[in-house]
Amino acid sequence: MQNKKRLLLLSNSTNLGEKYLGWPMTHIMDFLTPDIKKILFIPYAGVTISYNDYLNAVAAPLSANGYHVESIHRLEDSKILFEDFDAIAVGGGNTFQLANVLQQKNLLKPMKNAVENGMPYIGWSAGSNITCPTIMTTNDMPIVEPTSFDGLNLIPFQINPHYTEATIPNHGGESREMRLQEYIYVNQNMSVIGLPESSLLRLEGNELTYIGNRSCKIFQHGKAPKIHENGDNISWLL
């Protein structure tokens, strides 16, 4: 069966000192074909921001570029709405909260079906995490307990957004790489890609490309991490 999936998975939405969705906007506009006008926004990762405020923040830059954005929380029958929109955008925040709400509302399956049938998907941070087989490689605190750690399973590998190798002086906690090494030690058949800030993955059917101004690192059990640069084809992960 032909793979129709189109995903744009961002590490982060905004860099310090930039407007919201500033750095990725050119990538978003390049990803969205001219026929795409209506975007369904999923705000459920938001915790300390109201869904209405989150919608307004996302809609402002997208509307300025000609897109109409509506949030799923303002629509009555959210399970069958995907056919009424041209694309899905899932915002960042807390991945456990996002998974919990999607599971409570039984939205994982219809979202997955819509994307597998060709609906373009844009996610950032938690919105990228949720496309993985599980949410286990999020950086977020488990502020709620979802039914499971299952994600949308739209890609066969894990993402760690906001990936950094920076450490805090005189701090004894594990580095990000140490945490991910723990994950692949326990989950030895899974790969994890560390996405630094201002980077993304673009999936077009069976072709996966890394885009970013910094190197990304891919972790696999028993192997040295693989380093990839801007424009690299990393379809071997699929």
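Since every read-out is calculated from the coordinates, none of them should be taken as a lab result. No experiment lies behind these values; they were computed from the predicted model shown. Reconstructed Cβ throughout: ideal geometry from the backbone, glycine too, with neighbour counts over all protein chains shown.
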With a Cα-only, solvent-free Debye model of the range 116-238, what are the log10 I(q)/I(0) values at q = 0.14, 0.16 Å⁻¹? -0.60, -0.80
Reciprocal mean inverse distance between Cα atoms of the range 16-93 - Kirkwood radius, Å: 13.1
Consider all pairwise Cα distances in the chain and report the whole-number % of them above 33 Å. 12
Alpha-carbon Rg/Rh ratio, for the range 1-55, with Rh computed the Kirkwood way: 1.01
Going toward the positive end of the dipole of the range 1-86, with +1 on Lys and Arg Cβ and -1 on Asp and Glu Cβ, which of 62, 43, 25 do you reach last? 25
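Sort 38-49, 21-32, 160-171 by the packing proxy (mean of other Cβ within 10 Å over each peptide's residues), most packed first. Can you show the working numbers first?
Details: 38-49: 20.6, 21-32: 17.1, 160-171: 13.5.
Ranked by mean Cβ neighbours within 10 Å, highest first: 38-49, 21-32, 160-171.
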